[in-house]
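What follows is a short report on a single structure.
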Amino acid sequence: MSVDAISSRTNEQRALISRKAAELFARKGYAATSMNEIAEASHLSKPGLYHHFKDKAEVLFHIADGHVSRLADIVTGVEALGLAPERRLPELIEVFMLEYAEAQNEHRVLTEDVRFLDADAQACVVEKERTVVRVFADAVAAVRPDLDGTQLPKVLTMFLFGMLNWMFTWFQPNGHLTHDDLAPIATQLFLHGIFGVEVQRRPVALR
């Protein structure tokens, strides 16, 4: 087997372990999850798990850093498109929520469990979170140039993240609404308030 093939297989195995661990952390909490449980969920022996990760903290870092890195890449990608201000912020909210839809467990881990990492690991994750916040704050400032020179674009951005980051506490993805449905609602609510939310009438199926 070639070196590239071995590397690819190792990366796939680490990604699988991370997904299974994120499910456990999201459901049980980081502190209450053991390496034995992660190994069992990943269909590995405990020595097999330790071949890929030295301890549970490294698993946590791999999940959190991987997720926030994807978010940073996604939002800086939108920023690089050079969209008009009125289009940039809705696009950022949409891509953020679409990534969230595919990584709800990882997002919950990022939001709740980074505090269990050591200071250096936390700093690495937080630095990438700052990139995400900066891109959103710049987009808010572009929509409201009259706020230039104040702290309000960042404050408003944190209000927006408060709405997006904690959806997992109430949103049921198998319900009537999807993340695709909620992205424009979040955009309208943030930009225009409750009276700016448009009601989407779904077509009634004929029997």
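The values are calculated or read from the model by the stated rules, or taken from the named source; none is laboratory data. Fair warning: this is a prediction, and the values are worked out from it, not measured in the lab. Every residue, glycine among them, receives a Cβ derived from its backbone with ideal geometry; neighbour counts consider all protein chains shown.
Looking at region 168-196, which of the residues that are in contact (Cβ under 8 Å) with a residue 60 or more places away in the chain and farther than 14 Å from residue 94 by Cβ is surrounded by the fewest Cβ atoms within 10 Å (Cβ to Cβ)? Even if it seems obvious, please write down each step before you answer.
Residues of region 168-196 in contact (Cβ under 8 Å) with a residue 60 or more places away in the chain: 168, 173, 178-180, 182-184, 186-187, 190-191.
Restricting the remaining residues to those that are farther than 14 Å from residue 94 by Cβ gives 168, 173.
Working: 168: 15, 173: 13.
Selected residue: 173.
In region 38-73, what count of residues is obtained for those that are under 16 Å from residue 16 (Cβ atoms), among the aliphatic types (A, V, I, L, M) and surrounded by fewer than 18 Cβ atoms within 10 Å (Cβ to Cβ)?
1
Evaluate the following for residue 119: is it surrounded by fewer than 17 Cβ atoms within 10 Å (Cβ to Cβ), over 13 Å from the mean Cα position of the chain (by Cα), at pLDDT 95 or above and within 23 Å of residue 26 (Cα to Cα)? Working first, answer last.
Working: surrounded by fewer than 17 Cβ atoms within 10 Å (Cβ to Cβ): yes; over 13 Å from the mean Cα position of the chain (by Cα): yes; at pLDDT 95 or above: yes; within 23 Å of residue 26 (Cα to Cα): yes.
For residue 119, the condition - surrounded by fewer than 17 Cβ atoms within 10 Å (Cβ to Cβ), over 13 Å from the mean Cα position of the chain (by Cα), at pLDDT 95 or above and within 23 Å of residue 26 (Cα to Cα) - is met.
Can you go through 141, 137 and tell me which one is part of a helix (DSSP H, G or I), among the hydrophobic types (A, V, I, L, M, F, W, C), at negative phi and in contact with an Asp or Glu (Cβ under 8 Å, 6 or more places away or on another chain)?
When all the criteria are applied, what remains is 141.
Can you spot a residue in region 177-195 that is within 23 Å of residue 20 (Cα to Cα), within 15 Å of the chain's Cα centre (by Cα) and modelled with pLDDT under 90?
Within region 177-195 (the criterion being within 23 Å of residue 20 (Cα to Cα), within 15 Å of the chain's Cα centre (by Cα) and modelled with pLDDT under 90), the answer is yes, since at least one residue qualifies.
Report those helices (runs of 4 or more DSSP H) wholly inside region 1-75 carrying at least 3 residues which are closer than 28 Å to residue 97 by Cβ. Break it down stepwise before answering.
Values: elements: 3-28, 35-41, 46-52.
Helices (runs of 4 or more DSSP H) meeting the threshold: 3-28.
Pairs under 6 Å by beta carbon, first residue more than 20 Å from residue 191 (Cα to Cα) in region 63-91, partner among the hydroxyl-bearing types (Ser, Thr, Tyr) and surrounded by fewer than 21 Cβ atoms within 10 Å (Cβ to Cβ), six or more apart or different chains?
Once the first residue is more than 20 Å from residue 191 (Cα to Cα) and sits in region 63-91, its partners that are among the hydroxyl-bearing types (Ser, Thr, Tyr) and surrounded by fewer than 21 Cβ atoms within 10 Å (Cβ to Cβ) give 72/131.
Among the residues of region 107-120, is any farther than 27 Å from residue 60 by Cβ and not in a helix (DSSP H, G or I)? Even if it seems obvious, please write down each step before you answer.
Keep residues of region 107-120 that are farther than 27 Å from residue 60 by Cβ, which gives none.
The answer is no, given that none of the residues of region 107-120 is farther than 27 Å from residue 60 by Cβ and not in a helix (DSSP H, G or I).
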